[in-house]
Each structure stands twice: as structure tokens, then as C-alpha cells.
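Peer 1: First the structure, which I've put down as C-alpha cells, then a few questions once you've had a look.
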Amino acid sequence: MTDFAATRAQFHLPDGIIYLDGNSLGPLPKAAAGRVARAVTEEWGNLLITGWNKAGWMDQPIRLGNRIARLIGAAPGTVVLGDTLSIKVYQALASALEMNPARRVILSDTGNFPSDLYMAQGLCRTLGDGYVLKTVAPEEVDRAIDKTVAATLLTEVDYRTGRRHDMAAITAKAHAAGALTVWDLAHSAGALPVDLAGTAADFAVGCTYKYLNSGPGGPAFIYVAPRHADVARPALSGWLGHEEPFAFDLTYRPGGGIERMRVGTPPVLQLAALEASLDIWDSVSMADVRARSIDLTEQFVRGVEAACPALVLASPRDPARRGSQISFRHPQGYAIMQALIARGVIGDFRAPDILRFGFTPLYTTHADVTGAVRVLAEVMAKTLWDRPEYKMRARVT
Ligand SMILES: *Cc1c(COP(=O)(O)O)cnc(C)c1O
């Protein structure tokens, strides 16, 4: 059994704050400050350029990728870190399209995160030649998979509502239709068990600064199924994905397996922070995380629905059909969230009307949920959100 009191003790959680936004930016693992400081002073400071070999900087993206692999049901040697998620979406999608050259349709859904759609639109423009992005309602994806689809580009858990696609069923349907699948695990990795190998997903990508707590700007990861790893051709063919980066050849030759999905110099300091977080994750069972996540979210839904009749549940009621977040709708959602934040309950707002709360069992407790419900109930009952300063939109919502 995972000891969640022990995992919580390993995070810095400021006094007086109930943090329900770890789905957007995970908190600081206490050990990360020291780990990053060591990487700065001892490694960068004293080892200088020799750190690439002596401190293992060059292997870090694969070494840490192997530790993330366990959390997403992937075999060792199939996951590598680097770049941001938007870049990894582009990279996975470009490879998938090239592997299915007779088809021109990318299928996604209107609940997908805009950056994923934007990257697909940009890729279609670059490729020309009839490539199109087709988006349908999330509930229509299954029916929209046909023999025109080259690749699906879907985020398993909807960033706004927490609605979860059936990854195994959609992957099977796509494969039966001759399409490849690119799964975005931004709101899945570290949130719920994922079985990439078992579902036979082709490509997957995700970020580490959300549930995996690598800190703001932490790198993304990419997974390529072993059967494709030596076939997929990287469109972003950077030198560190080359077979022999230090041969300095004038012509690109892809490296073996997942190494070819590397692009350029890895973010060593950010990876040091991720390493400290993965030390915590190594002690965790994803099945335990899921069980506790369902307990926490069910408690929150029950509490809010009992106390705040004006808030409308936007997440699926059935916990099996959602990720590890709960969203409610209200026309004044932005102001309500600002009033909550001012009272130490941190969630976030997603346009046009969604109040979003992330539940992260590594450090969220039942007492946090009770406290958050109490504050939300008071903000709603006394209309405490109705102040001009809560209605001024900040740059980041
Ligand atoms: C958070 C998120 C992103 C963000 O991409 P970055 O390149 O890391 O800024 C992209 N896609 C999805 C589905 C996300 O949830």
C-alpha cells in the first residue's frame, strides 16, 4: 500500500493553502531545491562541460524516461524526455502521418487542448498536399474513425471537464480502420493508471510539470511503441536524435529506437528537479493513486452539490469516466475562483465558465477537500465573489 502521509510530507505545501491545482502545476518536492542546487553548484559549477559525462547529463532524458514509463504502462527504453508538450505533439503526429502515407486526415475532438489542435493545423500547412485536421465532438470520435483517417490525435482526459476517452476501445477501433493513434497524456500521467503497452497505443506524449511535479517549464515526454521505434522518422531531426551525434555527419541518420525522438540539448537543471519528484513517484502504486483519487473527487462532488446548488457539475458523474479533476460551471466562474484563491483555496478557471479543481493523492487529503468545500460554500452563500477586483482578468487564468 502506498503511504500517502509519507508522500505528502515530501512536498513543500505553503501554510494556509489548500492546493487543488496540481493538475496545472505540481508543487515543489522538498528534495528538488537541494537537488537543483547540487546540479548548479557541484555539477555545472565544478564539473563544467565534463558534467555531460561525469554527472550523466546526456543519459538523463532516457534514464528519467524509464522511470516515467512505469507510471504509464510502457516498457523501459520506450520513453524519452525533452522539449515541451506542444513540440512533442508535433513530432509524434508528423511521424504517424509519414507512416500512413496514403491518408490525409488527422482526427481530433473539440475538447482537445488548443495547442494540440494548433500544432496539427501548423503541420497540415507545412505538409500541404491535402492534409486536414478534422475535429468532432468528443462523444463522436468513435463513430468518426473511418478508412480516411491517417492518425487520431486525442487527449485521454479533457483539460476542462476531466472527461476520459476509452483509450483501449478507440485505439482498437483506429487500428481496425488502419489508422495510427497519438495519445496526449497531459492529464493522465501521474493522475491515473495508463496501459500504453496493453492498449497497443502507437505514440503518446505528455508533460511533467502537471501531475509529475517537475516545476514550471519542465520538459515533456514522448513514447513510441517498440514496433514503430525503428521505423518512425523524426520530422524534427535534431543532432541528439542522430545515430552518432558526435560524428558530426552532414546528413541525418536517425538513432536507434526512442533515442531518435530526442532533438537538442536537454534541460539539465529542470531534469534535476524532475528526478527529485520521481524519487517520490518510485514509492507509489498507480492503482492506489487511482483509488484515493476517486475517494477524494467523490467527496468533493458530494460536498459541493450539497452546499452550492448554483454550481453545475461539468465532469462525468461516473468516476470511471473521468480523470483526477472535478469541474463545475457557473457564469461567474472566474470571479468565484478569484474569491477562492484570495481565501487560500487554489484551483483555476478555464473559459468560458469552468471552475477546475485537481485532486492529486500524493499530497491532497480528505481534510483539504472538507476545507475547500467549506470555503466554496461560504463564497457562494454570501456572494463573496461579487467584487470588482475578482472580475479583472489576469494574463494567466
Ligand atoms: C498542458 C497541456 C499542453 C501544454 O503544452 P506545453 O507545450 O507544455 O505548453 C498541451 N496539451 C495538453 C493536452 C495539455 O494539457
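Peer 1: Calculate the length of the line joining the C-alpha centroid of the range 276-348 to that of the range 77-120, in whole Å.
Peer 2: Rounded to whole Å, the Cα centres lie 28 Å apart.
Peer 1: Can you say what percent of the DSSP beta bridges in the range 168-274, counting only those with both residues inside, are antiparallel? Round to 5.
Peer 2: 65 percent
Peer 1: With angles folded into 0 to 90 degrees, how steeply does helix 60-71 sit against the dominant principal axis of the chain? Use alpha carbons for both and round to 10.
Peer 2: 50 degrees
Peer 1: Using modelled amide H (1.01 Å from N, peptide plane; none on Pro or chain starts), what sits under 5 Å from the amide H of Ser108, excluding residues fewer than 5 places away?
Peer 2: Answer set, sorted by chain and number: Lys134, Thr135, Val136, Leu153.
Peer 1: Take peptides 341-354, 160-173 and line them up by average Cβ neighbours within 10 Å, highest first, as a rough protection proxy.
Peer 2: 160-173, 341-354
Peer 1: Give a residue-ordered list of calculated ³J(HN,Hα) values for the range 176-190 (Karplus: 6.51 cos²θ - 1.76 cosθ + 1.60, θ = phi - 60°; whole Hz; x for Gly, Pro).
Peer 2: So the J values, rounded to whole Hz, are 4, 8, x, 9, 9, 10, 10, 9, 9, 9, 3, 10, 10, 5, x.
Peer 1: Something else: Which of Thr181, Thr135 comes first, and how do the rest follow, when ranked by fewest Cβ neighbours within 10 Å?
Peer 2: Lowest count first: Thr135, Thr181.
Peer 1: Give me the extension gain from Asp279 to Asn100: residue separation times 0.36 nm, minus the current Cα-Cα distance, reported in nm with one decimal.
Peer 2: 60.6 nm
Peer 1: Then there's this: Output the relative contact order of the chain, whole-number percent, from Cα pairs under 8 angstrom with separation of 6+ residues.
Peer 2: 22 percent
Peer 1: Using the Karplus curve 6.51 cos²θ - 1.76 cosθ + 1.60 with θ = phi - 60°, what ³J(HN,Hα) values do you get for each residue of the range 130-139, in whole Hz, with x for Gly and Pro?
Peer 2: Each residue's phi maps through the Karplus curve to give x, 5, 9, 9, 10, 10, 10, 4, x, 6 Hz.
Peer 1: In addition: At 0.36 nm per residue, and after removing the present C-alpha to C-alpha distance, how many nm does the segment from Arg317 to Ala291 gain when stretched out fully? Walk me through the intermediate numbers first.
Peer 2: On the way: separation 26, 0.36 × 26 = 9.36 nm, distance 1.58 nm.
Stretched out fully, the Arg317 to Ala291 stretch lengthens by 7.8 nm.
Peer 1: Can you tell me the length gained on complete extension of the stretch Ala33 to Thr265, counting 0.36 nm per residue apart and subtracting the Cα distance?
Peer 2: Stretched fully, the Ala33-Thr265 segment lengthens by 81.3 nm.
Peer 1: Same structure again: Which of the peptides 235-245, 384-394, 9-19, 369-379 is most tightly packed, and how do the rest follow, judged by the mean count of other Cβ atoms within 10 Å per residue?
Peer 2: Output ranking for 235-245, 384-394, 9-19, 369-379: 369-379, 235-245, 9-19, 384-394.
Peer 1: Compute the Cα gyration tensor for the chain, then decide on rounded, prolate or oblate, letting a ≥ b ≥ c be the square roots of its eigenvalues: rounded whenever a/c is under 1.5, prolate when a/b is larger than b/c in the other cases, and oblate in all that remain. Kindly include the intermediate steps, with their values, before the conclusion.
Peer 2: Values: a/c = 1.93, a/b = 1.28, b/c = 1.51.
Oblate is the answer for the chain, as a/c is 1.5 or above yet b/c matches or exceeds a/b.
Peer 1: Where both partners of a DSSP beta bridge lie in the chain, what percent of those bridges are antiparallel, to the nearest 5?
Peer 2: On the way: 23 of 41 bridges.
Restricted to the chain, the bridges split so that about 55 percent are antiparallel.
Peer 1: Now for a separate question. Of the lysine pairs in the chain, how many meet both conditions: Cα atoms under 19 Å apart, and a spacing of 8 or more in sequence or different chains?
Peer 2: Details: Lys30/Lys210; Lys88/Lys210; Lys134/Lys147; Lys134/Lys173; Lys147/Lys173; Lys382/Lys391.
For the chain, qualifying lysine pairs total 6.
Peer 1: Label-point separation (nm) for Ala367 and Ala351, each offset 7 Å from Cα along Cα-to-Cβ?
Peer 2: Once both label points are built, they end up 3.9 nm from each other.
Peer 1: Going by how many other Cβ atoms sit within 10 Å of their own, how do Asp318, Asp83, Asp195 line up, fewest first?
Peer 2: Asp318, Asp195, Asp83
Peer 1: So, R0 is 22 Å and r is the distance between the beta-carbons of Ile341 and Thr110; what FRET efficiency does that work out to, to 0.05?
Peer 2: On the way: r = 28 Å, r/R0 = 1.29.
E(calc), rounded to 0.05, equals 0.20.
Peer 1: Same structure, new question: Can you tell me the FRET efficiency between Met392 and Ala137 if r is taken as the Cβ-Cβ distance and R0 is 35 Å, rounded to the nearest 0.05?
Peer 2: 0.60
Peer 1: Once label points are set 7 Å from the Cα along Cα→Cβ at both Ala235 and Leu250, what is their separation, rounded to one decimal in nm?
Peer 2: In this crude label model, Ala235 to Leu250 measures out at 2.7 nm.
Peer 1: Sorting Thr360, Thr2 on the 10 Å Cβ count, fewest up front, what's the list?
Peer 2: Thr2, Thr360
Every number here is computed from the coordinates shown, using simple stated rules; none is lab data. Everything numeric here is computed off the predicted structure, so don't read it as measured data. Glycine gets a Cβ as well: all are built from the backbone with ideal geometry, and neighbour counts include every protein chain shown.
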